[in-house]
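Input: a single structure, listed below in structure tokens.
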Amino acid sequence: MKHHLLLPATLVLSCTTGLVIGQNTRFSDPDTVIKEQFWGNLYADGGQSFFCDTPFTRKGFVLTDGYVYPLADIRTALDCGTSRQCEQDNRYRQIASDLHNMVPVRTRTEMQRRNVRYEELGESVSPDECNMRESAGFFEPPSRVKGDVARAVAYMVDTYGLPWLGAKPVFKGWNRQDPPDDTELTRHRRIVEIQGNENPFITDRGRMEEL
């Protein structure tokens, strides 16, 4: 009798684990997710802007919903057409609704990051007021969030089969250099609660070395 009872429990645990470490299957309406889950739930009490670490209590005109892996690059990878055409593509809608890729950023910063690739630019490029560097189509985030960026990009690459937005060794280096801190871990736990799946590169930092 005990063996019969253990089998269903094992199956339930297996299914639950699959849901937790899989991809976003709960949301597929980006506009609704941004309004209700991103701003209305995850950042309902405010927080810090991702790249500049500026505190905010609510969304204002200087803040927007940003994407570590830009939506324009997702559209290019999926080859789903224009923005309007991609909005009719179910796969794009699912990926664009993934909270693990969304961060609060200054509107100006989000505009600056369009069509750039992540890179380690070094001291030859002067940082701006937020310690970001940009040159010739390349973008280096502040050291404080380099690991966050690397783990978010790795998640998008591994989960949805998207291409890397830069050299893989750069992301691996950032992952080693900047391990998950309390802010990243707390945010991750909240997203798991809301969306139902985790970013395994946050819970197992060594996983990126296997890519």
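All of the numbers you see were taken from the coordinates with simple rules; none came from a lab. Keep in mind the model is a prediction, meaning the values are calculated, not measured. Cβ placement follows ideal geometry from the backbone for every residue including glycine, while neighbour counts extend to all protein chains displayed.
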Neighbour-count ranking [beta-carbon atoms within 10 angstrom, fewest first] of Phe51, Phe56:
Phe56, Phe51
Please give the contour-minus-distance gain from Lys35 to Ser135: 0.36 nm per residue of separation, less the Cα-Cα distance, rounded to one decimal in nm.
32.7 nm
Residue-ordered couplings for the stretch 163-178, obtained by feeding phi - 60° into the Karplus form 6.51 cos²θ - 1.76 cosθ + 1.60 and rounding to whole Hz (Gly and Pro as x), are x, 5, 9, x, 6, 4, x, 5, 5, 5, x, 5, 4, 6, 5, 10
The chain - percent relative contact order, Cα under 8 Å, separation 6 or more:
23 percent
Could you give the semi-axes, largest first, of the ellipsoid that matches the stretch 83-176, computed as the square roots of 5 times the alpha carbon gyration tensor eigenvalues and rounded to whole Å?
25, 16, 12
Give the value in nm², to one decimal: projected area of the alpha carbon convex hull of the stretch 65-127, averaged over all directions.
5.1 nm²
Only helical DSSP H runs with n ≥ 4 go in: add -39500 (n - 2.57) per run for the chain, normalise by residue count and round the 222 nm mean residue ellipticity to 500 deg cm²/dmol.
-12000 deg cm²/dmol
Counting only residues 5 or more places away or on other chains, whose amide H sits under 5 Å from the amide H of Ser49 once H atoms are built in the peptide plane?
Thr54, Phe56
Whole-number value, in Å³ per residue, for the convex hull of the alpha carbons of the chain is 143 Å³
Gaussian network model of the chain, Cα within-10 Å springs - most flexible of Asp98, Asp45, Asp65:
Asp45
Dipole-positive endmost among Val170, Gly122, Thr183 within the stretch 2-210 (Cβ charges, Cα centre):
Thr183
Counting only DSSP beta bridges fully inside the chain, the antiparallel percentage to nearest 5 is 75 percent
Nonlocal amide H pairs with Arg117, under 5 Å, H built at 1.01 Å
Phe138, Phe139
Going fewest to most other Cβ atoms within 10 Å around each Cβ, Lys59, Lys35 line up as Lys35, Lys59
Residue by residue, what Karplus-based ³J(HN,Hα) values in Hz, rounded to whole numbers, does the stretch 107-116 have, using 6.51, -1.76 and 1.60 with θ = phi - 60° and x for Gly and Pro?
4, 5, 5, 4, 5, 5, 8, 5, 6, 10
If you rank Glu198, Glu36 by fewest surrounding Cβ atoms within 10 Å, what's the result?
Glu36, Glu198
Would you calculate the separation in nanometres between label points at Thr54 and Thr82, each defined as 7 Å from the Cα along the Cα-to-beta-carbon direction?
3.3 nm
At 7 Å along Cα-to-Cβ for each site, give me the label-to-label distance between Arg144 and Trp164 in nm.
2.7 nm
In Å, the C-alpha Rg and Dmax of the stretch 125-207 are 13.4, 40
Using +1 on the beta carbon of Lys and Arg, -1 on that of Asp and Glu, and nothing else charged, what's the dipole of the chain about the Cα centre, debye to 20?
340 debye
